[in-house]
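A.B. asks: Could you have a look at this structure, given as structure tokens, before my questions?
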Amino acid sequence: MNIRLGAVLVLLLAIIFLPYWLYLPLLGAAMIAFPFFWEAILLALLVDVLYGGGVGGVAQLLSPMAFVATLLLIVLLPLRERIRVNV
Amino acid sequence: MKYLPRNRVRGSYSKRALSLVTIFVVGALAFALFDNLIITAVSPLWRAENSFSRSLSTMGTFFKTRGTLIHENAALKERLASLELELSAFSLSRSENERLLELLGRQSEVGGVAATVLTHPPQSPYDLLVVDAGEKEALLVGAKAFLPEGPEVGVITQVSPNFSRVKLLSTSGEKTQAVLERHQVAVTLEGVGGGNFKIVLPREAQVEVGDRVLSADLQSSLLAVVEEVSLEATDSFKEVLARSPANIFTIRFLIIRP
């Protein structure tokens, strides 16, 4: 649990200070490494709020980064069951 | 060997998937509500980071060798001479432009609101900038953003009380009407991201590396400079790659004009 919280904090700082080609792969890696990493959706929404067109309005509910993160997590759910990687 | 019961796995999968979708929807609504608050909270961190990175870069000069400095000095003198030449040519065309504007009964716009850039690519995965001026400075959506040196770089797409978002002209898929200075050919400048543009021209059109692309309005501000021209023997069109005169990765200040 502590590792997971630490990872979320590191990702949060990375999103605020580091270039996207660093924090996006880190986010992807965390989604694979941690089971049911729902925090990735909130972090992706943060990316959209800070750097994208924002997430205001119904049209922007489909904010690209968070939408992709949600899809990836849903796809990863059965895959993780099969790989059985547990952190 | 033991297997998980199929029904249980399927049930838990759909439950988890549904909860992820719920997090996405609720999160999007919450973030939409606190959009301004989040950026206001993060702004001081960005400001601190900007001043820290600037002081770090000035510290780097302390460690340079004498040889490097002599070499750099010579290169800068050369660059200064070429820029002085360019400037003299620019002032001639500028006065000509102002004369034309007077004939048309229009006045060239000066002034504008100065804004500090809080974030720029590569922090942002999109070609968007966040600047520290907003409604309080009377900025409006659609206002144009210029570099202090003159070139136009983007358009304001969102205004909040304390900050605004600037969509760069080089944003992927963004199309801007422009003019190729060499023969005053009207072109469509298409953004491909990272401060780069693509122009498709007929095979016969003359264009060379270094040619300037200007805005199609009366101000004719510099938008891009041609970097590469590619043409295959069988093509009926040539593809021109142009680059924004501004380094979008290091922009510090912008002038916003309506």
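A.B. asks: Using a 7 Å offset from the Cα along the Cα-to-Cβ direction at both B:Phe253 and B:Glu239, what is the distance between the two label points in nm, to one decimal?
C.D. replies: Using points 7 Å along Cα→Cβ, the separation is 3.9 nm.
A.B. asks: When the chain is fully extended, how far beyond the present Cα-Cα distance does B:Gln206 get from B:Ala75, taking 0.36 nm per residue of separation?
C.D. replies: Value of the extension gain: 44.0 nm.
A.B. asks: I want to verify the translational diffusion coefficient of the range B:204-256 in µm²/s; compute it with Stokes-Einstein, Rh as the Kirkwood radius over Cα pairs, at 37 °C and 0.692 mPa s.
C.D. replies: My calculation gives 252 µm²/s for D.
A.B. asks: Heavy atoms only, probe 1.4 Å: what % of the accessible area of chain B goes to carbon and sulfur, would you let me know?
C.D. replies: Exposed carbon and sulfur together represent 59 percent of the surface.
A.B. asks: I would also like to ask the following. Keeping every protein chain in place, order B:Leu168, B:Leu56 by accessible area at 1.4 Å, biggest value first, i.e. largest first.
C.D. replies: Ranking B:Leu168, B:Leu56 by accessible area, largest first, yields B:Leu56, B:Leu168.
A.B. asks: If B:His183, B:His71 are ordered by their accessible area, calculated over protein heavy atoms with a 1.4 Å probe, which sequence runs from highest to lowest?
C.D. replies: B:His71, B:His183
A.B. asks: Quick check: with the 1.4 Å probe, what order do B:Met59, A:Met31 take by accessible area, largest first?
C.D. replies: B:Met59, A:Met31
A.B. asks: Turning to a different aspect of this structure: Report, as an integer, the average count of C-beta atoms from other chains found within 10 Å of each Cβ along B:14-27.
C.D. replies: Mean number of neighbouring Cβ atoms from other chains: 6.
A.B. asks: Then there's this: Averaged over peptide A:12-24, how many Cβ atoms belonging to another chain are found within 10 Å of each residue's Cβ?
C.D. replies: Across A:12-24, the average partner-chain Cβ count within 10 Å equals 3.
A.B. asks: Next up: Ignoring ligands and nucleic acids, what accessible area does B:Tyr126 show with a 1.4 Å probe (Å², nearest 10)?
C.D. replies: Accessible area, nearest 10 Å²: 60 Å².
A.B. asks: Considering the convex hull of the alpha carbon atoms of the range B:139-206, report its projected area averaged over all viewing directions, in nm², one decimal.
C.D. replies: 5.6
A.B. asks: Right, another one. Using modelled backbone amide H atoms (1.01 Å from N, in-plane), which distant-in-sequence or interchain residues come within less than 5 Å of B:Asp211's amide H?
C.D. replies: Under 5 Å from the amide H of B:Asp211 lie the amide H atoms of B:Val226, each far enough along the sequence or on another chain.
A.B. asks: Arranged from highest to lowest average of other beta-carbon atoms within 10 Å per residue, in what order do the peptides B:217-224, A:36-43 appear?
C.D. replies: A:36-43, B:217-224
A.B. asks: Rank-order B:230-236, B:176-182 by packing density, defined as the average count of other C-beta atoms within 10 Å over each peptide's residues, highest first.
C.D. replies: The densest-packed peptide leads the list: B:176-182, B:230-236.
A.B. asks: Can you give the convex hull volume per residue for the Cα atoms of the range A:1-42, as a whole number of Å³?
C.D. replies: It comes to 60 Å³ per residue, whole-number rounded.
A.B. asks: Between chains A and B, what is the buried accessible area in Å², counting both sides, with a 1.4 Å probe and ligands, DNA and RNA left out, to the nearest 100?
C.D. replies: By this definition, chains A and B bury close to 3000 Å².
A.B. asks: Mean projection of the alpha-carbon convex hull of the range B:108-248 over all orientations, in nm²?
C.D. replies: That works out to 8.7 nm², a quarter of the Cα hull's surface.
A.B. asks: Okay, moving on. Please state the charge dipole magnitude for chain B, taken about the Cα centre, from unit charges on C-beta atoms (+1 on K and R, -1 on D and E), reported in debye and rounded to the nearest 20.
C.D. replies: Dipole of chain B, to the nearest 20 debye: 1740 debye.
A.B. asks: Which number do you get for Rg(Cα) / (2.2 N^0.38 Å) in chain B?
C.D. replies: Scaled against compact globular proteins, the figure is 1.34.
The values are calculated or read from the model by the stated rules, or taken from the named source; none is laboratory data. Since the model is a prediction, treat every value here as computed from it, not as a measurement. For neighbour counting, all protein chains shown are included, and Cβ atoms are generated from backbone atoms with ideal geometry for every residue, glycine included. Calculation scope for accessible area: heavy atoms of the full protein, side chains included, ligands and nucleic acids excluded. Shrake-Rupley method; radii C 1.70, N 1.55, O 1.52, S 1.80 Å.
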